[in-house]
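A.B. asks: Sharing a structure here in structure tokens format.
Nothing in this text is a laboratory measurement; each read-out follows from the coordinates by a stated rule. Remember, predicted model here, so these are calculated numbers, not experimental data. Here the Cβ is made from the backbone with ideal geometry for all residues, glycine too, and neighbour counts use every protein chain on show.
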Amino acid sequence: MVARTIPVETFDLVIFGGTGDLARRKILPSLFRRMREGQMPTDARIIACARGKMSRKAFQQMIREALEEFIPNDTDRPEDLVGTFLKALDFVTLDVMGTQGWDDLAGKLRDDAIRAFYLSVGPGLFGAIASKLSETGLATPESRIVVEKPLGHDYTSACELNRQLSASFDEHQIYRIDHYLGKETVQNLMALRFANALFEPLWNAQHIDHVQITVAESIGVEGRGGYYDKSGAMRDMVQNHIMQLLCLTAMEPPARFEPDAVRDEKLKVIRALDPVTSEETVRGQYRANGEGGYLDHVENPDSRTESYVALKVQISNWRWAGTPFYVRTGKKLRSRMSEIAVIFKEVPHSIFPEVSQRKGNALIIRLQPDEGITLRMTIKDPGPGGMRLREVPLDMSFADALADAGAVPDAYERLVMDVIRGNQTLFMRGDEVEAAWAWTDAILATWDDSGDRPHPYDPGGSGPEDALALLHRDGRRWREVET
Ligand code: BG6
């Protein structure tokens, strides 16, 4: 049997903001799981940097507690491995804008280990840390730098951020995380399309009626009101995560599964996106309904920021002209459900006139929950009584089909190991981020110009009424938001 994990070479991973929420909740538990699976070498080192004073021991204790909280099952956290993992951790008190701590950090890095700097800090510090790493000589020509959204607030700020990073790091050293690309099902989308001969001949405007991309969340802004109110669903979800899903669904087959081959194809999709008119967008904001609404959660009674957005997106190229991609995302919806639904055209001529097919075939790629793939087919209803047709799902839940594969790994496990392996395939390139912002900015500008308020919608529903109309106008309907 082929080994499921390929061990990586030893590394020094420096995490700026190493005591922060992302580090405790995602990065360090993911690294622990990778050590448990035998991928992370036991002599690798993880050096957390933060401004506050803290001893190495106190940091190790903090991470012990984080592992207990975020990997709650004792059997997933054998004590001997926790001990080994904690020994790999170190801590440096460091002032990213000043001089304190940089020499300490330098003293802890090895010349013969892969070196990666993970900037788990606010984007306002990315540029300063990058240049400091370069000035102090800590960044070698092969070391990697990892950054994560928000990668800019608009096109201009994204270009500025890229300029700051590229002043100190070459593009092949910069790893821009979009955690959706680390999700197993998202990678499976590429396997499904490019490792099966079945779908690709049908994957175009001739056979596909439309595509629906849904990322519905049941949670609200959950204490992130300050950040979220300045972003909204468009900046928080569409410009990045949904854009990536759209690109992987729509792109041409790359010639090779290599970073630039894949990213070139994604970029071509973004550049082929038509500008979206204001009639092709719907914005919503969840209202108070028994409990606090969006305006209460962000503590801004005048906010015009959207917690829901639906768009009709057209791709002007030979493959997709005439086949719209409808995308929607929102908070406080009925359930947490993310999927890509590819709706095929109906048969050109039905020989079953009385019971003609109402719906075409549909291929549903479920990202969460219950990752898997469903193909909607039409079959004959069993039994006598004429030719009655009905729709049935051909269903594959990854959890059932791949029961021997164990739990689906967290996106960060895959992504952090890819950084160490030096594989940028699942990371965004600078030009991709800029192109996505250029398209997003135009939509944001139409909203600013109109001055309209987002439509209120009830928490626990499927979004504002107007979002239904967006598809009804085209004689189509959204799939239900349900688990
Ligand atoms: C983040 C957004 O990038 O993705 C959040 O900032 C959102 O607002 C989250 O809740 C969704 O991620 P996931 O993996 O839970 O679908």
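A.B. asks: Do any of LYS132/LYS268; LYS312/LYS359; LYS132/LYS266; LYS312/LYS332 go past 26 Å between their Cα atoms, and which? It would help to have the intermediate numbers written out before the result.
C.D. replies: Working: LYS132/LYS268 34 Å; LYS312/LYS359 20 Å; LYS132/LYS266 32 Å; LYS312/LYS332 22 Å.
Violating the 26 Å limit, Cα to Cα: LYS132/LYS268; LYS132/LYS266.
A.B. asks: How about the range 79-169: which trypsin sites (Lys or Arg not before Pro) there are in a DSSP loop, with at most 16 other Cβ atoms within 10 Å of their Cβ? The partial results should precede the final answer.
C.D. replies: On the way: sites: LYS87, LYS108, ARG110, ARG115, LYS132, ARG144, ARG163; in loops: ARG110.
Sites meeting the loop and neighbour criteria: ARG110.
A.B. asks: Convert each backbone phi in the range 276-292 into a coupling constant with the Karplus relation 6.51 cos²θ - 1.76 cosθ + 1.60 (shift: θ = phi - 60°), then list the ³J(HN,Hα) values in order as whole Hz, x for Gly and Pro.
C.D. replies: 9, 7, 5, 5, 9, 10, 9, 10, x, 9, 6, 8, 6, 8, x, 9, x
A.B. asks: Which stretch or stretches of the range 127-169 have amide N atoms under 17 Å from the point lying 7 Å from ASP111's Cα along the Cα→Cβ direction?
C.D. replies: 137-143
A.B. asks: Where Lys and Arg each count +1 and Asp and Glu each count -1, what net charge lies around ALA58 among other residues with Cβ under 13 Å from its Cβ? Provide the component values of the computation, followed by the final result.
C.D. replies: Details: positive: LYS53, ARG56, LYS57, ARG64; negative: GLU65, ASP90.
With Lys, Arg at +1 and Asp, Glu at -1, the net is +2.
A.B. asks: Separate question: What list of ³J(HN,Hα) values in whole Hz, one per residue of the range 195-207 in order, does the Karplus curve 6.51 cos²θ - 1.76 cosθ + 1.60 (θ = phi - 60°) give from phi, with Gly and Pro shown as x?
C.D. replies: 10, 10, 7, 5, 8, 4, x, 9, 7, 6, 5, 5, 10
A.B. asks: Further question on the same structure: Hey, with R₀ at 45 Å, roughly what FRET efficiency would GLU200 and LYS57 work out to, going by the Cβ-Cβ distance, to 0.05?
C.D. replies: On the way: r = 56 Å, r/R0 = 1.24.
Computed FRET efficiency for GLU200 and LYS57: 0.20.
A.B. asks: For the chain, what is the calculated [θ] at 222 nm in deg cm²/dmol (nearest 500), taking -39500 (n - 2.57) for each run of four or more DSSP H residues and dividing by its residue count? Show your work: numbers first, answer last.
C.D. replies: Numbers: 15 runs with 153 residues, N = 483.
Counting only the DSSP helices, I get -9500 deg cm²/dmol.
A.B. asks: Share of antiparallel DSSP beta bridges in the chain, in percent to the nearest 5?
C.D. replies: Details: 41 of 74 bridges.
Among the beta bridges of the chain, antiparallel pairing accounts for roughly 55 percent.
A.B. asks: Now, a different point. Could you size up the charge dipole of the range 148-202 around its Cα centre, putting +1 on the beta carbon of Lys and Arg and -1 on that of Asp and Glu, and report it in debye to the nearest 20? All intermediate terms of the calculation are to be shown ahead of the outcome.
C.D. replies: On the way: 5 positive and 8 negative charges, 23 e Å.
My answer is approximately 100 debye.
A.B. asks: Taking H placed 1.01 Å from N in the peptide plane, check which residues at least 5 places from TYR457 or on another chain put their amide H under 5 Å from its amide H.
C.D. replies: GLN285, TYR286, ARG287
A.B. asks: Something else now. Expressed as a rounded percentage, what relative contact order does the chain have, with Cα pairs under 8 Å and six or more residues apart? It would help to have the intermediate numbers written out before the result.
C.D. replies: Numbers: 851 pairs, mean separation 83.5, N = 483.
Rounded, it is 17 percent for the chain.
A.B. asks: What list do you get for TRP318, TRP439 if you sort them by fewest beta carbons within 10 Å?
C.D. replies: By the 10 Å Cβ count, ascending, the order reads TRP318, TRP439.
A.B. asks: What FRET efficiency do you get for THR42 and MET377 if R0 is 41 Å and r is their Cβ-Cβ distance, rounded to the nearest 0.05?
C.D. replies: Details: r = 50 Å, r/R0 = 1.21.
Once the sixth-power term is evaluated, E becomes 0.25.
A.B. asks: Moving on. Which order, highest average first, do 383-396, 443-456 follow once you tally other Cβ atoms within 10 Å for each residue and take the mean per peptide? Before the final figure, lay out each step's value.
C.D. replies: Details: 383-396: 11.1, 443-456: 14.5.
Result, highest mean first: 443-456, 383-396.
A.B. asks: What is the sum of charges, Lys and Arg at +1 and Asp and Glu at -1, for the other residues whose Cβ falls under 12 Å from the Cβ of VAL221? Before the final figure, lay out each step's value.
C.D. replies: Numbers: positive: ARG224, LYS230, LYS331, LYS332; negative: GLU217, GLU222, ASP229, ASP236, ASP296, GLU299, GLU306.
Within the 12 Å Cβ shell, the charges total -3.
A.B. asks: Another question about this same structure. Given points 7 Å out from each Cα along the Cα-Cβ axis, report the GLN100 to GLU391 separation in nanometres with one decimal.
C.D. replies: The two pseudo-label positions are separated by 6.2 nm.
A.B. asks: Separate question: Sort the following peptides by mean Cβ neighbour count (other Cβ atoms within 10 Å, averaged over residues), highest first: 188-195, 96-103.
C.D. replies: Details: 188-195: 15.5, 96-103: 13.5.
Output ranking for 188-195, 96-103: 188-195, 96-103.
A.B. asks: So, one more: In Å and whole numbers, how far do the C-alpha atoms of the chain stretch along each principal axis, longest first?
C.D. replies: Principal-axis extents of the Cα atoms in the chain, largest first: 79, 58, 47 Å.
A.B. asks: Short version: ³J(HN,Hα) in whole Hz for each residue of the range 108-119, in order, from phi by Karplus 6.51 cos²θ - 1.76 cosθ + 1.60 (θ = phi - 60°), x for Gly and Pro, what are they?
C.D. replies: 9, 8, 9, 6, 9, 10, 5, 10, 9, 10, 9, 8
A.B. asks: Now a separate question. So for ILE213, ILE174, fewest C-beta neighbours within 10 Å to most, what's the order? Don't skip to the end; give the middle numbers.
C.D. replies: On the way: ILE213 25, ILE174 21.
Starting with the residue having the fewest Cβ neighbours, the order is ILE174, ILE213.
A.B. asks: Sticking with this one: I need ILE315, ILE114, ILE365 ordered by Cβ neighbour count within 10 Å, fewest first. Kindly include the intermediate steps, with their values, before the conclusion.
C.D. replies: Numbers: ILE315 26, ILE114 20, ILE365 23.
Lowest count first: ILE114, ILE365, ILE315.
A.B. asks: Can you give the extra length, in nm with one decimal, that the chain gains between SER350 and ARG4 once fully stretched, where that is 0.36 nm per residue apart less the Cα-Cα distance?
C.D. replies: Numbers: separation 346, 0.36 × 346 = 124.56 nm, distance 4.68 nm.
Net length gain for the segment: 119.9 nm.
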